[in-house]
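J.: One structure, pasted below without further comment.
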Amino acid sequence: MKLIVVKDYQALSREAAHRGAEELRAHPNASVVAATGDTPMGMYAHLAELRDRGELDASGLRLFQLDSYLGLSADDPRSLYGWMKRSLLDPLGIPDERVVRLTGDAPDPDSVCEAYDAAVAAAGGIDLAILGLGRNGHLGFNEPPVQVDAPTRVVALATESIESNASYWGGQDRVPRRALTAGMSVLLKSRAILVLVSGTRKQEILRRTIEGPITPDVPASYLQHRSNVTIIADRDAAGSLSAQ
Ligand code: F6R
């Protein structure tokens, strides 16, 4: 695992876009799983600028949705698919048909999860995972405790996730209590994993991710000792951690 520490959120977004773009130029038909949430938004804006300048062609990519709230349709304002579409798919010119979705309002969500894992396997695995870090150490909505081989599945959101997601939608009562998430097994098997971490409120969980024991109670701790993982943190999140 490599830790890169940069000055602030702007530098983090530039660095992440630079590394992400390099990866995508090397693999123009890559299968990518990409987070929503606040942290990667600056990276996605930079990727869109690269595309607008003709320096990145995203037309061959295949996107796999990282997570979605159970029960919400794609046109609900809180839909994570809608968020991904506005922030990444449309700006990069990736059409809906190149996306493998975790449809939140399907009649049988368990079979959506099974079909997702089958689609990942058929694609030969994920090439690039772009992830944020939850304050409880979650990746996607793999809430603690989680096993290293957990498949894509329906989960209950942890209290910390309900609290943090409340800031996206204007209150805890607006946050659905259950979600579909790409499993730890999918994420950890990705060929390259980029984790973006910003702000002092992530300092303690980033320290536990990198220096604490590898434990189901901190899902991101499973990233330790994997050479394909790059964490980009700003100084506020890194605290006393230094680049490694
Ligand atoms: C988002 C997701 C979450 C977030 C994490 C950090 O699709 O799956 O794991 O990446 O909760 O969220 P932010 O970036 O808002 O701090």
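The values are calculated or read from the model by the stated rules, or taken from the named source; none is laboratory data. Predicted, not measured: the structure shown is a model, and the values here were computed from it. All Cβ positions, even for glycine, are placed from backbone atoms using ideal geometry, and neighbour counts span all protein chains on display. Areas reflect the complete protein model, heavy atoms only, side chains present, ligands, DNA and RNA absent. Shrake-Rupley method; radii C 1.70, N 1.55, O 1.52, S 1.80 Å.
J.: It is to be established whether one or more residues within the stretch 77-92 are of a type in the set (Phe, Trp, Tyr) and open to solvent by 20 Å² or more (accessible area, probe 1.4 Å).
T.: First, pick out the residues of the stretch 77-92 that are of a type in the set (Phe, Trp, Tyr): 81, 83.
Restricting the remaining residues to those that are open to solvent by 20 Å² or more (accessible area, probe 1.4 Å) gives 83.
Among the residues of the stretch 77-92, at least one is of a type in the set (Phe, Trp, Tyr) and open to solvent by 20 Å² or more (accessible area, probe 1.4 Å), which makes the answer yes.
J.: Which residues, counting only those in the stretch 136-168, are within 20 Å of residue 101 (Cβ to Cβ), open to solvent by 20 Å² or more (accessible area, probe 1.4 Å) and away from the ligand (no atom under 12 Å from the Cβ)?
T.: Matches in the stretch 136-168: 151, 153, 154.
J.: Show the residue pairs meeting these rules: Cβ distance below 8 Å; 6+ apart or different chains; first residue within the stretch 65-90 and within 11 Å of the ligand (Cβ to nearest atom); second residue open to solvent by 40 Å² or more (accessible area, probe 1.4 Å) and modelled with pLDDT under 95.
T.: Within 8 Å, the pairs are 81/74.
J.: What residue, among those in the stretch 27-58 that are free of Cβ contacts under 8 Å to residues at least 40 places away in the same chain and open to solvent by 70 Å² or more (accessible area, probe 1.4 Å), is nearest to the ligand (Cβ to nearest atom)? Explain how you work it out, then say what you get.
T.: Of all residues in the stretch 27-58, those free of Cβ contacts under 8 Å to residues at least 40 places away in the same chain come to 28-29, 42, 46, 49-50, 52-58.
Add one more test, that the residue is open to solvent by 70 Å² or more (accessible area, probe 1.4 Å), and what stays is 29, 49, 52-53, 55, 57.
Values: 29: 23, 49: 20, 52: 24, 53: 26, 55: 25, 57: 25 Å.
Only one residue tops the list, namely 49.
J.: For residue 133, which of the numbered conditions (1) near the ligand (Cβ under 10 Å from one of its atoms); (2) touching a Leu at 6+ places or on another chain (Cβ under 6 Å) fails to hold?
T.: Every listed condition holds for residue 133 apart from (2).
J.: On the given criteria, is residue 175 within 14 Å of the ligand (Cβ to nearest atom), open to solvent by less than 10 Å² (accessible area, probe 1.4 Å) and over 17 Å from the mean Cα position of the chain (by Cα)?
T.: Working: within 14 Å of the ligand (Cβ to nearest atom): yes; open to solvent by less than 10 Å² (accessible area, probe 1.4 Å): yes; over 17 Å from the mean Cα position of the chain (by Cα): yes.
Yes; evaluated as a whole, the condition is true for this residue.
Results for (1) open to solvent by less than 30 Å² (accessible area, probe 1.4 Å); (2) within 13 Å of the ligand (Cβ to nearest atom), shown as yes or no for each residue.
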| residue | (1), (2) |
| --- | --- |
| 191 | no, no |
| 197 | yes, yes |
| 221 | yes, no |
| 230 | yes, no |
| 241 | yes, no |
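J.: Are any of the residues in the stretch 98-105 away from the ligand (no atom under 11 Å from the Cβ), hydroxyl-bearing (Ser, Thr, Tyr), touching a helix residue (DSSP H, G or I) at 6+ places or on another chain (Cβ under 6 Å) and outside any strand (DSSP E or B)?
T.: As a first pass, look at the stretch 98-105 and keep what is away from the ligand (no atom under 11 Å from the Cβ): 98-101, 103-105.
Restricting the remaining residues to those that are hydroxyl-bearing (Ser, Thr, Tyr) gives 103.
Checking which are touching a helix residue (DSSP H, G or I) at 6+ places or on another chain (Cβ under 6 Å) leaves us with 103.
The next check asks that each one be outside any strand (DSSP E or B); those that pass are 103.
Yes; the residues of the stretch 98-105 include at least one that is away from the ligand (no atom under 11 Å from the Cβ), hydroxyl-bearing (Ser, Thr, Tyr), touching a helix residue (DSSP H, G or I) at 6+ places or on another chain (Cβ under 6 Å) and outside any strand (DSSP E or B).
J.: So which residues in the stretch 1-19 are closer than 10 Å to residue 46 by Cα and crowded, with 18+ Cβ neighbours inside 10 Å?
T.: Result: 13, 15, 16, 17.
J.: Also, quick follow-up: Could you tell me which residue of the stretch 94-135 is most open to solvent (accessible area, probe 1.4 Å), considering only residues that are among the charged types (D, E, K, R) and under 21 Å from residue 219 (Cα atoms)? Steps first, answer last, please.
T.: We begin by selecting, within the stretch 94-135, every residue among the charged types (D, E, K, R); these are 96-98, 101, 105, 108, 110, 114, 117, 127, 135.
Imposing the further condition that a residue be under 21 Å from residue 219 (Cα atoms) reduces the set to 117, 127, 135.
Working: 117: 41, 127: 30, 135: 115 Å².
By that ranking, first place goes to 135.
J.: Within the stretch 122-130, identify whether any single residue is out of contact with any helix residue (DSSP H, G or I) (no Cβ under 8 Å at 6 or more places or on another chain) and of a type in the set (A, V, I, L, M), and answer yes or no.
T.: The answer is yes; a qualifying residue exists.
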